[in-house]
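Let me begin by presenting the structure, written as structure tokens, before commenting on it.
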């Protein structure tokens, strides 16, 4: 729940900061800034709660600790890639694949009641998935709309759209 709240809070804050500095609303940019912030925060969890994240993975996955650290670095790289215009679309597609690939790990962790923070088997269990799966779909949609669909950031700018509308009148 905290991740979703963080995402929306940073989105709103960046939307207003961009409005103050650039005199226009840039929804796609604000959404990418928010997702980048969220990715950095979740990446920190890979380094702070490594043992719990290792427990989230099924036994057949090799090199669990290394994979936890690697995916933490992937999230940091993705956070940067979303903010670089030349890498935005590629990063968006790779993040969608990433979010799909980590969903089975979240399902496994829920089935085994893994608590990532305490590295115990006293987690929320299967009802956690009623929150996690829609959240994962929300993240995928967020990435698609802000990084892939918004190839031209001006298309999601209210000021630019109003100027285009006035010219066509």
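No value in this document is a laboratory result; all are computed from the given coordinates. Just so it is clear, the structure is predicted and the values come from calculations on it, not from any experiment. All Cβ positions, even for glycine, are placed from backbone atoms using ideal geometry, and neighbour counts span all protein chains on display.
A helix-only calculation puts the chain at -23500 deg cm²/dmol for mean residue ellipticity at 222 nm, using -39500 (n - 2.57) for each DSSP H run of at least four residues, averaged over all residues.
Using C-alpha pairs below 8 Å separated by at least 6 residues, the relative contact order for the range 2-168 is 27 percent. Relative to the longest principal axis of the Cα atoms of the chain, the long axis of helix 27-48 makes an angle of roughly 20 degrees.
Gain on full extension, evaluated as 0.36 nm per residue between residue 138 and residue 111 minus their Cα-Cα distance, stands at 7.5 nm. Please give the FRET efficiency for residue 87 paired with residue 122, using the beta carbon to beta carbon distance and R0 = 35 Å, rounded to the nearest 0.05. For R0 = 35 Å, the calculated efficiency reads 0.30. Determine the distance separating the Cα centre of the range 86-111 from the Cα centre of the range 26-76; give it in Å without decimals. Centre-to-centre distance over Cα atoms comes out at 10 Å. Packing, taken as the mean count of other beta carbons within 10 Å per residue, orders the peptides 15-23, 129-137 from highest to lowest as 129-137, 15-23. Nearest 10 degrees is fine. How inclined is helix 129-143 to the longest principal axis of the chain, computing both from alpha carbons? Helix 129-143 sits at roughly 40 degrees to that axis.
The modelled label-to-label distance for the pair residue 65/residue 12, using points 7 Å beyond Cα in the direction of Cβ, is 4.2 nm.
Full extension of the chain segment joining residue 41 with residue 80 gains 12.7 nm, where the gain is 0.36 nm per residue of separation less the Cα-Cα distance.
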